[in-house]
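Have a look at the structure below, then the notes.
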Amino acid sequence: DKGTYPHYMLKEIDEQPAVMRKIIQAYQGEDEKLTIQPEILDALQAADRLYIIAAGTSYHAGLIGKEYLEKMAGIPVEVHVASEFGYNMPLLSEKPLFIFISQSGETADSRQVLVRIKELGHPSLTITNVAGSTLSREANHTLLLYAGPEIAVASTKAYTAQLAVLAILASVTAEARGRELGFDLVQEMGIVANAIQAQVDMKEEIEQLAHDFLSTTRNCFFIGRLMDFFVGLEGALKLKEISYIQAEGFAGGELKHGTIALIEEGTPVIALATQESVNLNIRGNVKEVAARGANTMIISMEGLNEDGDSHVLPTVHELLTPLVSVIPLQLISYYAALHRDCDVDKPRNLAKSVTVE
Ligand code: F6R
């Protein structure tokens, strides 16, 4: 039931602060420390490499999951698009653990990989929103997202829930391996939930951004470096699937290797600037596209912001920035689609769960 909301997508965007708190609670043990089932920890400890398999938005979450698992837990990770992995399996490590990320738990592309790797005798973990789903039943282990039903075709709260669960998995594994994180994830996630709330409370401002930058455009580019690049990929997918604006995400440094040729007078370029170590570089990219006529929107984080930035996010732990920076992108897509009279919750040609290969 969407209650007083005009669309499920908007409702689900708004639910994200509560989902973050729910996930933390769900993964807290009696002593309030984050915890996961010991057999899952054992599986991670036994693995020499993790293979994340997913599609679409869940794949984008996997790209950030790799950062978490490598930086926090110190385990090498590969992230693969499920449909491609099936045809072209890479050489596997000696002790792989497969992690399937899937909101629905029903995605056929991911399932065919699970069937293959089970035949090969490899262990698996599914991270899903749906208890009892196919990928959950068929994998050795499951971690749930606790995001509540996601009805809109465009995934929003499941994405941030995936990031939160991946961060929890990484931090609990780090601790088990005796690695010092240097921060308290429970506390930092509380700050994230508040920062998400602040974003969903700024709908009017964000709607105005969507109006100013996207009302008549045919295309739009997202640029970022490090994790901002991955969030840009997700922003682009969200925008294209519901507003039908052709949108692409690029690593800032790749622009000069081709894409910049597409920049014309008025081309919208949305730049994310939340990663301190590359802040100057991404701002350099913004200047390069602006000099060629691009209409640039900069979404930055407090502390890294400059005068004239279009939208400034509250500061959160650097690893957790994707959980916050994606929110204005979800809302921008929502309003861009709304302004174009698109069917926000049921975009053309798409199904919520993709059960064909
Ligand atoms: C985009 C979207 C899709 C799904 C993809 C995987 O908003 O919803 O890209 O993320 O079809 O679906 P799941 O996560 O159910 O495996």
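Please treat every number below as a calculation from the coordinates, not as lab data. Please read these numbers as outputs of a predicted model, since none were measured by experiment. Here the Cβ is made from the backbone with ideal geometry for all residues, glycine too, and neighbour counts use every protein chain on show.
For the pair residue 181 and residue 244, label points projected 7 Å from Cα toward Cβ lie 4.4 nm apart.
Out of 320, 83, 37, whose Cα points farthest toward the positive end of the dipole of the chain (charges: +1 Lys, Arg; -1 Asp, Glu; placed on Cβ)? The residue sitting most towards the positive pole is 83. Multiplying the residue separation of residue 256 and residue 291 by 0.36 nm and removing their Cα-Cα distance gives an extension gain of 11.3 nm. Magnitude of the charge dipole for the chain, about its Cα centre and with charges confined to Cβ atoms of Lys, Arg (+1) and Asp, Glu (-1), is about 720 debye. For residue 98, the residues whose modelled amide H falls within less than 5 Å of its own, excluding neighbours fewer than 5 places apart on the same chain, are 51, 124, 125. The antiparallel fraction among DSSP beta bridges confined to the chain stands at about 5%.
Listed values for the range 18-35 are Karplus-derived 3J(HN,Hα) couplings in whole Hz (6.51 cos²θ - 1.76 cosθ + 1.60, θ = phi - 60°), namely 5, 4, 4, 5, 5, 5, 4, 4, 4, 9, 8, x, 4, 7, 6, 7, 5, 8, and x replaces Gly and Pro. Each of 331, 277, 247 was placed along the dipole of the range 237-357 (beta-carbon charges, centred on the mean Cα), and the one lying farthest toward the positive end is 247. Taking amide H atoms as placed 1.01 Å from N in the peptide plane, the amide H of residue 143 lies under 5 Å from those of 126, 127, 128, each 5 or more residues away in sequence or on another chain.
Stretching the chain fully between residue 45 and residue 118 yields a gain of 24.4 nm (0.36 nm per residue, less the alpha carbon separation). Size descriptors for the chain: radius of gyration and Dmax over Cα atoms are 19.6, 58 Å. If a spin label sat at a point 7 angstrom from the Cα of residue 1 along the line to its beta carbon, the backbone N atoms of the range 123-157 nearer than 16 Å would be those of 149.
Among the GluC sites (Glu not before Pro) in the range 171-208, those placed in a DSSP loop whose Cβ has at most 16 other Cβ atoms within 10 Å are 180.
Across 91, 34, 272, mean-square fluctuation computed from a Gaussian network of the chain (C-alpha pairs under 10 Å connected) peaks at 91.
Here the relative contact order of the chain, from alpha carbon pairs under 8 Å that lie six or more residues apart, stands at 19 percent. For a straight C-alpha distance cut-off of 25 angstrom, the lysines reachable from residue 2 (same-chain residues fewer than eight places away being disregarded) are 11, 22, 157, 203, 238, 240, 346, 352. Per-residue 3J(HN,Hα) values for the range 102-119, derived from phi via the Karplus relation 6.51 cos²θ - 1.76 cosθ + 1.60 with θ = phi - 60°, read 7, 3, 6, x, 10, 4, 5, 4, 6, 5, 5, 5, 4, 4, 4, 6, 5, 4 Hz in sequence order (x marks Gly and Pro). The alpha carbon gyration tensor of the range 46-122 gives principal lengths a ≥ b ≥ c with a/c of 1.5 or higher and a/b no greater than b/c, which makes the shape oblate. When the charge dipole of the range 121-255 is built from unit charges on Cβ atoms (+1 for Lys and Arg, -1 for Asp and Glu) and taken about the Cα centre, the candidate among 213, 144, 171 whose Cα reaches farthest toward its positive end is 144.
Cβ-Cβ distance of residue 318 and residue 89, R₀ of 51 Å, FRET efficiency by 1/(1 + (r/R0)^6): the value works out to about 0.90. The range 152-228 and the range 301-329 have Cα centres lying 10 Å from one another.
A straight Cα-to-Cα reach below 20 Å connects residue 118 with the lysines 95, residues fewer than 8 places away in its own chain not being considered. Tell me the relative contact order for the range 32-102 as a rounded percent, counting alpha carbon contacts under 8 Å between residues six or more apart. Averaging sequence separation for qualifying contacts and normalising by length gives 46 percent for the range 32-102.
Sequence-distant contacts, meaning Cα pairs under 8 Å at least 6 residues apart, place the relative contact order of the range 66-144 at 26 percent.
Working from label points 7 Å from Cα in the Cα-to-Cβ sense, the residue 25 to residue 140 distance is 3.2 nm. Among the trypsin sites (Lys or Arg not before Pro) in the range 119-195, those placed in a DSSP loop whose Cβ has at most 15 other Cβ atoms within 10 Å are 177, 179. Over the residues of the chain, the helix contribution to mean residue ellipticity at 222 nm works out to -14000 deg cm²/dmol, using -39500 (n - 2.57) for each DSSP H run of at least 4.
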